[in-house]
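The values are calculated or read from the model by the stated rules, or taken from the named source; none is laboratory data. Only a predicted model underlies this, so the values are computations on that prediction, with no experimental measurement involved. Cβ: placed from backbone, ideal geometry, glycine included. Neighbour counts: every protein chain shown.
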Amino acid sequence: MAVNLLDFDLEGLTAYCDSLGEKRFRAQQLFRWIHQKGASDFDAMTDLAKSLRAKLAGVAEVRSLPVLSEHASADGTIKWLFDVGGGNAVETVFIPEEDRGTLCVSSQAGCAVGCRFCSTGHQGFSRNLATGEILAQLWHAEHRLHQRFGLAPTERVIDNVVMMGMGEPLQNYGALVPALRVMLDDHAYGLSRRRVTVSTSGVVPMIERLRADCPVALAVSLHAPDDALRDDLVPLNRKYPIAELMAACRDYMGAAPRDFIMFEYCMLDGVNDSDEQARALVALMRRERVPAKFNLIPFNPFPASGLKRSSPERVRAFQRVLQEAGFVTTIRKTRGDDIDAACGQLAGEVLDRTNARERLASRRVVGIVPAEAGR
């Protein structure tokens, strides 16, 4: 099979061009054609030498992902379903906002973490995506939206990328980091480190590696103020408990492009949304000395979860406790829920290799004891 040039960051593409007997500046030209101009036809890359174009045509390609569907929400959100082969498909979501365009990108076909409140986890896990499959989502969305909106080549559509789609990005570290480097590269998408966010459920060793290799904005899926509850909601906590996670977050701040860690907190009725739990969250952050902002996420229900969404009043009360303690706290606006594109709704199609449905069903039988205190 031909080499997919979307699999390379600039360093990798330079090494590949060197193997073809070409100089570094050719790799930069090729990189710009692929990512800035969205070209996949080598003959269209007119400032490349004909000899190089001929070489590439025989051994390489710019291979995007087949689009199985594209849906537009009433609020302007757009969701694509991409075929990644083997019976698997992943979802990617574009969220237009007044000051930016955000793309939510998937890193795995499914997810092995198995969080109680996430429909992706209930689909199970099939495999990691390759670097080219991660970047193909951005490549397709950026250039498809340019055509859709009739924009000039120099105008940006996507200036904010969040690795918050299907999968746990830090469990696909080897493919993730080259993809991040392409997003940041001025010869490609030129995104700010502050505008590229990796969201993790808490893979502590990989947080430490990301700090050294490619520090971008970090978001942590927290969802509970103590280990007992988080063990049930986010099973990865049993391996990397909250104290270890907070230590990794503190260390990450030494290289982080923002002066805080964003903590995501899915609001679950009677489970993690009491005033007492909000106060416990405040105490946790003060004790661990982590500069934090909070993003409260209204839960998007699905039948297999056995969970319910906190009322708007309860979410606002929880927010007040955090704000009165001095923490910037936002409530995520639900976008794209009419096309199942909202947070926690991405499920795609996954040929599960982990028996996730059976495992999560057994955990649901055990259940979570509602936290009524502080109501």
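Some points to look at:
- Met166 meets all of the listed conditions (1) modelled with pLDDT of 95 or more; (2) on the phi < 0 side of the Ramachandran plot but one, namely (1).
- Identification of strands (runs of 3 or more DSSP E) wholly contained in segment 1-104 with 1 or more residues that are buried (at least 17 other Cβ atoms within 10 Å of the Cβ), out of contact with any helix residue (DSSP H, G or I) (no Cβ under 6 Å at 6 or more places or on another chain) and of a type in the set (Gly, Ala, Ser) yields 88-96, 101-104.
- Residue match in segment 334-350 (condition: at pLDDT 90 or above and either farther than 21 Å from Ser106 by Cβ or crowded, with 20+ Cβ neighbours inside 10 Å (or both)): no
- When the criteria are applied in full, Leu56 fails the requirement of being modelled with pLDDT under 95, outside the structural domain of Gly110 (by TED's automatic domain parsing) and of a type in the set (A, V, I, L, M, F, W, C).
- For segment 165-269, the helices (runs of 4 or more DSSP H) that sit wholly inside it and include 2 or more residues that are touching a Lys or Arg at 6+ places or on another chain (Cβ under 6 Å) are 227-233.
- Residue within segment 133-153 that is among the β-branched types (Val, Ile, Thr) and surrounded by fewer than 24 Cβ atoms within 10 Å (Cβ to Cβ) present: no
- Meets criteria (without any contact (Cβ under 8 Å) to a residue 60 or more places away in the chain, surrounded by fewer than 20 Cβ atoms within 10 Å (Cβ to Cβ), among the polar types (S, T, N, Q) and more than 24 Å from Val162 (Cα to Cα)) for Gln323: yes
- Qualifying residue in segment 300-314 (condition: assigned to a strand (DSSP E or B), surrounded by fewer than 17 Cβ atoms within 10 Å (Cβ to Cβ) and either modelled with pLDDT under 95 or out of contact with any Pro (no Cβ under 6 Å at 6 or more places or on another chain) (or both)): no
- Some residue of segment 75-98 being out of contact with any strand residue (DSSP E or B) (no Cβ under 9 Å at 6 or more places or on another chain), of a type in the set (Asp, Glu) and assigned by TED's automatic domain parsing to the domain that holds Val198: yes
- Summed over segment 30-52, the residues that are in contact with a Leu (Cβ under 6 Å, 6 or more places away or on another chain) and more than 18 Å from Pro178 (Cβ to Cβ) give a count of 1.
- Reported count of residues in segment 153-192, each being within 19 Å of Glu97 (Cα to Cα) and of a type in the set (Gly, Ala, Ser), is 2.
- Total residues in segment 172-226, condition closer than 30 Å to Pro153 by Cβ, of a type in the set (Gly, Ala, Ser) and more than 15 Å from the chain's Cα centre (by Cα): 3
- Test result for Glu324, among the acidic types (Asp, Glu) and at pLDDT 70 or above: yes
- Among the residues of segment 109-124, those identified as on the phi < 0 side of the Ramachandran plot, outside any loop (DSSP other than H, G, I, E, B) and not β-branched (Val, Ile, Thr) are Ala109, Ser119, Gly121, His122, Gln123.
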